[in-house]
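Before any comments, here is the structure.
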Amino acid sequence: MTRTIGLYGGFFNPLHEGHLHVIKTSTKSLNLKKLILLPTYQNPLKENQNPKSIYSQISELRLQINEPLVRVSDFEHRYQMKSTYDVLKKISTKCSLNSFYLIIGLDQLGHFHEWKEYEWIIKNISICVIYRPRYDEFIENSTVQKQFPHLFMPNLETFINNSTPCSHILNVSGVEISSSELRNS
């Protein structure tokens, strides 16, 4: 299969052990050659929760992440992208999305149907969902799984070797932490 690049977006405010777990798990499990972190410009489902300048945030992230395969990008900010759909459409004008995995947490799977053009996303890029504790109800019970059960691959090998966009929940032990909880403590 030709997918060798992961795309992982979020506020990363602050970067924590859960984010690092996703980075390590996805690079190893998917045998990625590169993982691109995309700090969020503006999440349409949340208030802007990052008062830092993007360049300050990117510098901090680069210092905190000691993984040679990870690149922190200002892509969303440079183009003022407000949704994953916008990011993927922009990327698709330059290259095929068949080279990429979209990496999301299990918590996001439960809200995926609220994302802008979510049906287009799920039909155009392979999505690896990383397990997160406390969100077990989304493993078999998300709206997108009910709408598109044929796109969810039962095991990792089938997912990796499938030539068309598909999804898989990587059910590995997760880290029980969230940026929101850290900010509010």
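What the table below lists for this structure:
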read-out: Qualifying residue in region 69-83 (condition: aliphatic (A, V, I, L, M), farther than 23 Å from K28 by Cβ and either open to solvent by 60 Å² or more (accessible area, probe 1.4 Å) or not in a helix (DSSP H, G or I) (or both)); value: yes
read-out: Selected residue (only one of H150, H113 is touching a helix residue (DSSP H, G or I) at 6+ places or on another chain (Cβ under 6 Å), in a helix (DSSP H, G or I) and open to solvent by 40 Å² or more (accessible area, probe 1.4 Å)); value: H113
read-out: Boolean, L106 is in contact with a strand residue (DSSP E or B) (Cβ under 9 Å, 6 or more places away or on another chain) and modelled with pLDDT of 95 or more; value: no
read-out: Test: residue in region 131-143 that is within 21 Å of F12 (Cβ to Cβ) and of a type in the set (D, E); value: no
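The values are calculated or read from the model by the stated rules, or taken from the named source; none is laboratory data. Since this is a predicted model, take the numbers as computed values, not measurements. Because the Cβ atoms are built from the backbone with ideal geometry, glycine has one as well, and the counts that use them run over all protein chains shown. To get the accessible areas, we keep the full protein, side chains included, count just its heavy atoms, and leave off ligands, DNA and RNA. Shrake-Rupley method; radii C 1.70, N 1.55, O 1.52, S 1.80 Å.
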